[in-house]
Amino acid sequence: MSLLQVEDVTVEFGGLRALDGVSMGVDAGRVTALIGPNGAGKTTLLNVVSGVLRPGRGRVRFRGRDVTGWPQHRVAGLGVARTFQNLQLFGQMTVREHLLVGRYRLTRTSFLEAVLRLPRHFREEKEGREASDALLSRLGLADVADWPASALPYGRQRLVEVGRALASEPSLLLLDEPTAGLSGAEAEEVGRLLRRLAAGGLAVLLVEHHMDLVMSYSDWVVVLDHGVVIAQGPPEQVQSDPQVIEAYLGEEAA
Amino acid sequence: MSEFLQFVASGVGQGAIYGLIGVGFVIIYNVTGIINFAQGHYLMLGALTAVTLRETGLPAVPALLLAIVVAALAGLITDRAVINPARRHSTLTLIILTVGVAIAVEGLALLVWGVNPQRYPPFTAGPPLFLGGAAVSRQTLWVLGVTLAIALALWWFFQRTVVGKAMQACAMNRDAARLQAIDPAQMSLYAFTMAAAVAGVAGVVLVPITSAYYDMGVPFGLKGFTAAVIGGLVSPFGALAGGLLLGVAEAVAVGYVSSAMAEGVAFAVLALILVLRPEGLLAQVRVRWA
Amino acid sequence: MGLRRWGPLAVWAGAFGVGVLLMPIADALPFLTRANLVVFALHGIAAMGLTLVMGFAGQVSLGHAAFYGVGAYTTALLTAKVDWHPLLAMAAGAVIAAVLAALLGRIVFRLRGHFLAMATLAFGLVFYVVMRSWDSLTGGNQGTGGIPDFTLGPLRFDSDTSMYLLAWAVLLLGLIAARNLLSSRPGRALVAMGSSEVAAASVGIDVARTKMAVFALGAVYASVAGSLYAHYVTYVSPESFGLLPSLRFLVISTVGGIDSVWGAPLGSAVVVLLTEGTRELVPRFVSGATGSYEIVAYGLALVLVLLFLPRGLAGGAALLVRRAAEWAGTRRQPAPTAALEEVELR
């Protein structure tokens, strides 16, 4: 049974159906790509899974548990992490601090313990430091660890966001167009990173527009068009699906 | 019943004033997204200036008109000198800026006019009229008349003039408006100037009733805001209706409870609405701007 | 190892020393008194709470003086009427303020931007009106008096100087607490929330709860300051907790800089100087001027700072320090100048 199961999810905005009876699953150890023309509802689906939106109908199950309509922070607490299409970094925070705050769900220090500097604070700070240092090296961000994230070039900012998501040691990683605005080489890097993560057991669901990336790095592809799943399967199969081609051609013609 | 009617009569004048201030809040908010904390202070400026001008011997009509112009100018200056340069800043900054303007204007008023309330005689002398058993002062009738005139003028402005329609467009969708070559900065200028002018008018018709004092900006501003919120902050006419409701509620509270609580009524109403129904009581009656 | 251990202690001892040094400076300036120093310190403490709320959680509060009042009135009633120990009364005030803030926060934080600001303003005023009208409890407009001096064991704080040093020490404790908080897990959550609520929620931060918590914390700062104030003036009335005091705290926080905990004491110093300065100077230019016309200075300061120095004085100072460090070549590379984004109101 899949780590993440989306069952017949429908989301309506006013009269518009952003998602219509969408069903799909994401397995651990696999990279699942969500593709489709603009406005197909991909980000909406991510928002439903991560708790930003509540579906009008349908269920979302994580490890078999019904998490439909759970608020974001509770879903995150289960081990679901995400990045955002429009990059949501934290203002003046350094890169290291981003990774440290990413560990929020793994730590417990309270306001009082922090202010009074009780032992738990020191213990968790030490653990946090070690973990984030390791992650920084893994992502190649060690050299800019103490820079404000907002001062980095765009490509590395995206990497920081991924780092923040990974810092929480999630079992499901949701990425919304992680390669947007990246050069070909940078996008390749991301693809390789995702494969490494999946190989380590992580379930990855990403919304992506870079077709070659999708074909090279994903194990499973779900195609969305106007809120409906029109195809899903291994990349090569989906690539040659006539409905998919039509949906994309239709977009190109438009 | 006649007692209640009396409360209505007493409260409706104040209520119209709150409504007029509320109109300004609505216009500025809808066109620029800003809540202008200094709104009530334009009323104060209009009121105090009217008194001073009259003391210089100027006849009533020019004095009052000039006072309104002064208030409108204050709105214009607020926009040009403070709001426009800070246009790119965050909402938090803009809020605090309007607070700063309000404080500065109040301080200036204190320096110029001092602490004592300034008095102005009613526009027409004479005893109150009795309508349906309730005593209505003549000045209150002036207030209501002027308010009605302004309401009509606003209706005409937003319905019939290009600028008015442009402002409405801005209110509905700022980005789309920009695409139609409507300049938000200019709309903002009009909005502030208009809002201040209307508040100035309110100040000028109010001063014979309550006198003018340097720190009347805040209480009137707050009540004006309450009026606007009651109307859902969507329409100037909603604000006017909200103001009337608030004025009557206040009069009732004063009559039945105590005058000390009167001030508290508006604040409590505001707090309650924001908490329970931020979209306003009259949101159902979503009156369009015209 | 020894020096590192004692390092922080030395820093804070030095900071206390700075406070002590302010006394002869105040004495030297003709328009300042030690009483002004007490006000400076107390308002600094209260404003620090507001800075945490506004600067790090991005929430506006225009009714902060209400919590100042809660502390003052609680202390007044418990020490004068029921003979509680000042520390206990202060603690009680802090608890009440925290609870009120949590409740209020719960209700009000659903609102956005201006509405939040207006709601805090409205609630602050409701509090003021209630305090004014509840004669039996608070003495209404007349207020309530007979508050004993603050005592700590054998120490009795009954002079301007002793109250000032006490307040300054409390202010430093407040600074330490704030810094401890900000460089910790919950503190990072605060900053994250102030930057991007949705991203904060995505890492597991319960935004609603955190907002309530920081609002309560800010209220505690104000309440503690209010309690000390009550002991200082020995008599409290509603005037000290209305709109103008709330605005004053707003000015202090903003002018000082809402991004830094040092902003509050800095802003408080500036506001005291402005207040006393205008009180001194204005009568010379405008004859017969009476009343609290220092509010002109407040308003101008607020507007000018926001237009030209949005990060406040502390921010400006930080910028200067960074530029100086660059210039002195203590950085290996030119320091990346972070984008000057304002704290966004969510």
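Can you put C:Ile45, B:Ile273 in order of Cβ neighbours within 10 angstrom, beginning with the fewest? Please report the intermediate quantities before stating the final value.
Details: C:Ile45 28, B:Ile273 21.
By the 10 Å Cβ count, ascending, the order reads B:Ile273, C:Ile45.
Give the cross-link partners of C:Lys81 among the aspartates and glutamates, using a straight C-alpha distance below 16 Å as the criterion and excluding same-chain residues fewer than 8 apart.
Hits, sequence-local ones excluded: C:Asp135, C:Asp149.
So what are the radius of gyration and Dmax for the Cα set of segment A:1-54, in Å?
11.5, 38
Just grab the label-to-label distance for C:Val11 and B:Thr56, each label 7 Å out from Cα along the Cβ direction, in nm (one decimal).
Roughly 5.9 nm, to one decimal.
For segment A:58-98, what percent of Cα pairs sit more than 16 Å apart? Don't jump to the answer; show the numbers that get you there.
Numbers: 436 of 820 pairs.
Of all Cα-Cα pairs in segment A:58-98, 53 percent lie more than 16 Å apart.
Can you compute the FRET efficiency between A:Glu246 and B:Val69 using 1/(1 + (r/R0)^6), with r the Cβ-Cβ distance and R0 = 56 Å? Round to the nearest 0.05.
My answer for the efficiency is 0.30.
If I build a Gaussian network model for chain C, linking alpha-carbon pairs within less than 10 angstrom, which residue out of C:Ala192, C:Ala66, C:Ala318 has the largest mean-square fluctuation?
Comparing C:Ala192, C:Ala66, C:Ala318 in the GNM, the peak value goes to C:Ala318.
Which is farthest toward the positive dipole end of segment A:51-137 among A:Phe84, A:Leu100, A:Leu112, measuring Cα position about the Cα centre, with Cβ charges +1 (Lys, Arg) and -1 (Asp, Glu)?
Result: A:Phe84, furthest along the dipole toward the positive end.
Report, to two decimal places, the Cα Rg of segment B:20-96 normalised by 2.2 N^0.38 Å (N = number of residues). Don't skip to the answer; put the middle values down first.
On the way: Rg = 14.5 Å, N = 77, 2.2 N^0.38 = 11.5 Å.
That ratio works out to 1.27.
Which value in deg cm²/dmol, rounded to the nearest 500, describes the helix-derived mean residue ellipticity at 222 nm for chain C, given -39,500 (n - 2.57) per DSSP H run of n ≥ 4 and division by the residue count? Before the final figure, lay out the partial values.
Working: 14 runs with 239 residues, N = 346.
After summing the helix terms and dividing by residue count, I get -23000 deg cm²/dmol.
Give me the Debye-computed log₁₀ of I(q)/I(0) at q = 0.17, 0.29, 0.30 Å⁻¹ for segment B:170-230, equal point scatterers on Cα only, no solvent, two decimals.
Reported log10 I(q)/I(0), two decimals: -0.73, -1.19, -1.21.
Taking all pairs of different Cα atoms in segment C:47-110, averaging 1/r and flipping that mean, what Kirkwood radius in angstroms comes out? Don't jump to the answer; show the numbers that get you there.
On the way: mean 1/r = 0.0794 Å⁻¹.
The answer is 12.6 Å.
Separation between the C:Leu319 and A:His209 pseudo-spin-labels, each 7 Å from Cα along Cα→Cβ, expressed in nm?
3.5 nm
Grab the beta carbon distance between C:Arg209 and C:Leu309, set R0 = 41 Å, and tell me the FRET efficiency rounded to 0.05. Working shown, then result.
Details: r = 34 Å, r/R0 = 0.82.
Rounded to the nearest 0.05, the efficiency is 0.75.
Counting other Cβ atoms within 10 Å, keep those with at most 14, restrict to DSSP loop, and tell me which chymotrypsin sites (Phe, Trp or Tyr not before Pro) in segment C:3-102 are left.
Details: sites: C:Trp6, C:Trp12, C:Phe16, C:Phe31, C:Phe40, C:Phe56, C:Phe67, C:Tyr68, C:Tyr73, C:Trp84; in loops: C:Phe31, C:Trp84.
Qualifying residues, ordered by number: C:Phe31.
Any idea what Rg and Dmax come out to for segment B:103-200 if you just take the C-alpha atoms, in Å?
19.6, 56
Gap in Å between the Cα centre of segment C:142-211 and the Cα centre of segment A:96-169?
Comparing the Cα centres of segment A:96-169 and segment C:142-211, I get a distance of 25 Å.
Give me log10 I(q)/I(0) at q = 0.17 Å⁻¹ for segment A:1-96, Debye formula, one equal scatterer per alpha-carbon, no solvent.
-0.79
Among C:Met193, A:Met211, A:Met93, which comes first, then next, by fewest other beta-carbon atoms within 10 Å?
Values: C:Met193 26, A:Met211 13, A:Met93 22.
By the 10 Å Cβ count, ascending: A:Met211, A:Met93, C:Met193.
Counting partner chain Cβ atoms within 10 Å of every residue's Cβ in C:302-313, what's the average? It would help to have the intermediate numbers written out before the result.
Numbers: counts 9, 11, 2, 3, 11, 8, 1, 0, 4, 0, 0, 0.
Across C:302-313, the average partner-chain Cβ count within 10 Å equals 4.
With +1 on each Lys and Arg Cβ and -1 on each Asp and Glu Cβ, how big is the dipole of segment A:1-121 about its Cα centre, in debye rounded to the nearest 20?
Details: 17 positive and 8 negative charges, 91 e Å.
That gives segment A:1-121 a dipole magnitude of about 440 debye.
Got a sec? How would B:Met167, C:Met23 order by Cβ neighbour count within 10 Å, fewest to most?
Details: B:Met167 25, C:Met23 16.
Taking fewest neighbouring Cβ atoms as first place, the list is C:Met23, B:Met167.
Mind checking the dipole of the protein assembly as shown: about its Cα centre, +1 per Lys or Arg Cβ, -1 per Asp or Glu Cβ, Debye to the nearest 20?
On the way: 64 positive and 58 negative charges, 158 e Å.
Result for the protein assembly as shown is approximately 760 debye, rounded to the nearest 20.
Quick check on chain A: helices-only [θ] at 222 nm, where DSSP H runs of length 4 and up contribute -39,500 (n - 2.57) each and the sum goes over total residues. Nearest 500, please.
Numbers: 10 runs with 103 residues, N = 254.
-12000 deg cm²/dmol, from helical runs alone.
Along the Cα→Cβ direction, 7 angstrom out, place labels at B:Asn116 and B:Ser258. What is the inter-label distance in nm?
In this crude label model, B:Asn116 to B:Ser258 measures out at 3.1 nm.
Restricted to Cα positions, what overall size does chain C have along the principal axes? Three whole-Å values, descending.
Sorted largest first, the three principal extents are 63, 53, 48 Å.
Once all Cα-Cα distances of the protein assembly as shown are split into 10 Å bins that start at 0, what whole-number percent is in each one?
The percentages, shortest bin first, are 2, 11, 19, 21, 19, 15, 8, 3, 1, 0.
Could you check which residue among B:Leu108, B:Leu144, B:Leu48 shows the biggest mean-square fluctuation in a GNM of chain B with a 10 Å Cα cutoff?
B:Leu108
Read the figures in this text as sums done on the coordinates, not as results from a lab. What you are looking at is a predicted structure, and each value in this text was computed from that prediction instead of being measured. Cβ atoms come from the backbone with ideal geometry, glycine included; neighbour counts cover every protein chain shown.
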